[in-house]
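Shown next, in structure tokens, is the structure this report addresses.
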Amino acid sequence: MQRERRRDPYPWTWEIPVAVALATLFVIVIGIQLGRSVANLLARAGWTWPDANAGAFPSPIGTAFWTSLPGVLGGHADAGLPSPTPDGLAGRGLVWVSLALTEIALLTATVWLGAWAYQRWGPGRMRGMATAAEAEKLLGVTRLRKVAGIVRPDLYGKHAAATPAPVQRTAGDLTEQPGPHLGHGLSPWLLHGRRTKEDR
């Protein structure tokens, strides 16, 4: 049944692929600037970020953020930075290595997050199944210990200590005990209406 639900077709439209492509492109662009900043940090020039006050709309992602991308890709660690630029900026080799490692890390994290989200909320998700945390909350040891007095009142209830101790019998003791016994046929409350072979 679950296999059939996994194979239900989902109407893929253009919006989902475009959203995925735009998100991936944005991660790549952020990775370029982040890689340059990491390279400058490793070169002991401090944390650097494009000039937030450049352009008509000042913001952390402003005009300098976008216009400095070609310069950063060319290995220039000072592209788009506010002046005066710090001393001892990273060289081209360090910038390129930092860009490559940052992009690999960000794209790996993005793919992992996308795969996790697709399995969790996508069309192939497990439907009607409790998560491990939900199962633990309802059926786990913590819950069982909490309701132990209801599940086993003879052992954990309010009057558990007041129950009589079990009768200890030695081997070969055939003393009759009240109540039903193994091998005695019907239950005691039905024995009164039972007839022997002679009475039938």
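The values are calculated or read from the model by the stated rules, or taken from the named source; none is laboratory data. All values reported here derive from a predicted model rather than from experimental measurement. Note: ideal-geometry Cβ built from the backbone for every residue, glycine included; neighbour counts use all protein chains shown. Protein only, heavy atoms only, side chains kept; ligands, DNA and RNA dropped before computing areas. Shrake-Rupley method; radii C 1.70, N 1.55, O 1.52, S 1.80 Å.
Applying the selection to the stretch 107-147, what residues are open to solvent by 90 Å² or more (accessible area, probe 1.4 Å), touching a Lys or Arg at 6+ places or on another chain (Cβ under 9 Å) and modelled with pLDDT of 85 or more? Within the stretch 107-147, LYS137, ARG143 meet the criteria.
A quick yes/no check of all residues on (1) β-branched (Val, Ile, Thr); (2) open to solvent by 60 Å² or more (accessible area, probe 1.4 Å); (3) closer than 30 Å to HIS76 by Cα; (4) modelled with pLDDT under 85:
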{"position": "THR13", "(1), (2), (3), (4)": "yes, yes, no, yes"}
{"position": "GLY31", "(1), (2), (3), (4)": "no, no, yes, no"}
{"position": "SER59", "(1), (2), (3), (4)": "no, no, yes, yes"}
{"position": "THR63", "(1), (2), (3), (4)": "yes, yes, yes, yes"}
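Among residues of the stretch 39-54 that are within 12 Å of ALA77 (Cβ to Cβ) and open to solvent by 70 Å² or more (accessible area, probe 1.4 Å), those with a beta-carbon under 6 Å from a residue that is in a loop (DSSP other than H, G, I, E, B) and of a type in the set (Phe, Trp, Tyr) at least six positions away or on a different chain give the pairs LEU41/TRP47. The residue that is nearest to the chain's Cα centre (by Cα), among those in the stretch 65-87 that are β-branched (Val, Ile, Thr) and open to solvent by 30 Å² or more (accessible area, probe 1.4 Å), is THR67.
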